[in-house]
Amino acid sequence: MLIGYHASHEQFSPSQLLDYVQAAERAGFQAIMTSDHLAPWSQRQGNSGNNWAWLGAAMAKTTLPFGSLAIPGGWRYHPVVLAHLIATLSEMFPDRLRWIAMGSGEALNENTVGRGWPNKRERNERLEAGSEIIRALLAGETVTSDHPHHKTEQAKLWSLPKNPPLLLGAALTEQTATWLGKWADGLVTVRKPVKEMKRVVEAFRSSGGSGKPLALQLQVSWAPTVDEARMAAWHEWRNAAVKSDLLAELRTPVEFDAEARDVTPEEMDELIPLVTRGYELLDLIDEGASCGFDEIYIHNVSRNQRGFLNFMTEQVIRS
């Protein structure tokens, strides 16, 4: 079981986050996971640095492997541009960019470039086509494509890594996991009730994903007391209450805040595990392992990252 640290661009400035991933390595974490956002989920979170610029600095300042989400749908980044970024990082830091998890994106980040926001079917078509282009370019091929959303003319990458990263797929539902099992190199998802996680994993495995890597993002709110953990979750990650069918459709942090404005602190108990003791987190890790995940990336949604890292060292990683 690989235990990783999730670096939250939404909550911390890039320079703060650089300090935290170095501290996470010292604490004993084995890998880092990061996402690719232009905007935070909430105005209260207050940050969202450029993931690709930050990754170069973070990989230079640590020795850990990294995994990152990416959106190859052709809004903010054409697949050729995204492949170029991935290849350059992978060439500079061999075997350190372990995987890229391809997702269909959210209007929150992609609508901002003024190209509209299509329905889920078109987003999935863009995702698969963009991933195919990226895979071919990372393999050294010259790519010409007349795909309606990703027109490409004799694209070629000249600085290639010896070993390109795996191209995983990001899924929240069984339906998406089934589709990804046919072409993705692995699966990334988020923690849900055990029965739901097992169904997502089984959907992926049964459609072609058997034997492929499975990674889980585990969101918790850590604090010395339950009350502090609850209030941290409520203040920082109330967006967890937003219905899944709205996650990709809301367009600004203001809209997310409005959608979650009536959520009470007590309701957060059902949305994000509140952790104060090591055995509680170890139980959650075991839960993920029982569902088949071999990589678990822990995202502590509270602002107290230093306290959390000390807690991980003393009560979880070296226990």
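The values are calculated or read from the model by the stated rules, or taken from the named source; none is laboratory data. Computed from a predicted model, the values in this text were never measured in an experiment. Please note: Cβ atoms are built from the backbone with ideal geometry, for glycine as well, and neighbour counts cover all protein chains shown. When the accessible area is computed, the model is the full protein with side chains, heavy atoms only, and any ligands, DNA or RNA have been set aside. Shrake-Rupley method; radii C 1.70, N 1.55, O 1.52, S 1.80 Å.
Would you check if there is a residue in the range 100-112 being aliphatic (A, V, I, L, M) and either more than 30 Å from Val242 (Cβ to Cβ) or more than 17 Å from the chain's Cα centre (by Cα) (or both)?
No, every residue in the range 100-112 fails to be aliphatic (A, V, I, L, M) and either more than 30 Å from Val242 (Cβ to Cβ) or more than 17 Å from the chain's Cα centre (by Cα) (or both).
Within the bounds of the range 45-55, is there any residue that is among the hydroxyl-bearing types (Ser, Thr, Tyr), assigned to a helix (DSSP H, G or I), in contact with a Leu (Cβ under 8 Å, 6 or more places away or on another chain) and farther than 17 Å from Ala215 by Cβ?
No, because not a single residue in the range 45-55 is among the hydroxyl-bearing types (Ser, Thr, Tyr), assigned to a helix (DSSP H, G or I), in contact with a Leu (Cβ under 8 Å, 6 or more places away or on another chain) and farther than 17 Å from Ala215 by Cβ.
Do we find a residue being part of a helix (DSSP H, G or I) and within 22 Å of the chain's Cα centre (by Cα) anywhere in the range 136-154?
Looking for residues that are part of a helix (DSSP H, G or I) and within 22 Å of the chain's Cα centre (by Cα), one finds at least one in the range 136-154, hence yes.
For the range 211-250: of the residues being charged (D, E, K, R) and open to solvent by 80 Å² or more (accessible area, probe 1.4 Å), which is farthest from Leu284 (Cα to Cα)?
Filtering first and then ranking leaves Asp245.
For the range 68-118, enumerate the residues that are within 18 Å of His37 (Cβ to Cβ), of a type in the set (Asp, Glu) and not in a loop (DSSP other than H, G, I, E, B).
Residue satisfying the conditions is Glu110 alone.
Could you please find all residues in the range 251-267 being under 21 Å from the mean Cα position of the chain (by Cα) and open to solvent by less than 20 Å² (accessible area, probe 1.4 Å)?
If the condition is that a residue be under 21 Å from the mean Cα position of the chain (by Cα) and open to solvent by less than 20 Å² (accessible area, probe 1.4 Å), then Phe256 is the only one that fits.
Residues being of a type in the set (Phe, Trp, Tyr), more than 14 Å from Glu10 (Cβ to Cβ) and part of a loop (DSSP other than H, G, I, E, B): count how many of those fall in the range 208-262.
Number of matching residues: 0.
From the list Thr189, Thr178, which one is free of Cβ contacts under 8 Å to residues at least 40 places away in the same chain, of a type in the set (Val, Ile, Thr) and in a strand (DSSP E or B)?
Within the list Thr189, Thr178, the selection yields Thr189.
I'm checking my understanding of the structure. Among residues of the range 154-210 that are open to solvent by 10 Å² or more (accessible area, probe 1.4 Å) and of a type in the set (Phe, Trp, Tyr), which one is farthest from Thr88 (Cα to Cα)?
Among those that are open to solvent by 10 Å² or more (accessible area, probe 1.4 Å) and of a type in the set (Phe, Trp, Tyr), it is Trp179.
So is Lys243 modelled with pLDDT under 95 and more than 18 Å from the chain's Cα centre (by Cα) or not?
Yes; evaluated as a whole, the condition is true for this residue.
I'd like the full set of residues that are farther than 29 Å from Gly116 by Cα and without any contact (Cβ under 8 Å) to a residue 40 or more places away in the chain, limited to the range 229-253.
Met231, Trp234, listed by residue number.
Hey, can you tell me all the residues within the range 285-306 that are open to solvent by less than 20 Å² (accessible area, probe 1.4 Å) and part of a helix (DSSP H, G or I)?
Ile285, Gly288, Gln305
Kindly evaluate Ser15 against the criterion of being open to solvent by 10 Å² or more (accessible area, probe 1.4 Å), hydroxyl-bearing (Ser, Thr, Tyr), within 30 Å of Thr152 (Cα to Cα) and at pLDDT 95 or above.
no
List pairs: first residue in the range 291-319 and of a type in the set (Asp, Glu), second residue surrounded by fewer than 21 Cβ atoms within 10 Å (Cβ to Cβ) anywhere in the structure, Cβ distance under 7 angstrom, at least six positions apart or on different chains.
Close Cβ pairs (under 7 Å, with a partner that is surrounded by fewer than 21 Cβ atoms within 10 Å (Cβ to Cβ)) amount to Asp294/Met1; Asp294/Leu2; Asp294/Pro213; Glu295/Leu2; Glu295/Pro213.
Looking at Ser68 and the list (1) open to solvent by less than 10 Å² (accessible area, probe 1.4 Å); (2) of a type outside the set (Val, Ile, Thr); (3) touching a residue at least 40 places away in the same chain (Cβ under 8 Å); (4) closer than 24 Å to Leu247 by Cα, which single condition is not satisfied?
So Ser68 meets the others, but not (3).
Within the range 209-220, take every residue that is within 17 Å of the chain's Cα centre (by Cα) and polar (S, T, N, Q) and give me the one that is nearest to Arg303 (Cα to Cα).
Gln219
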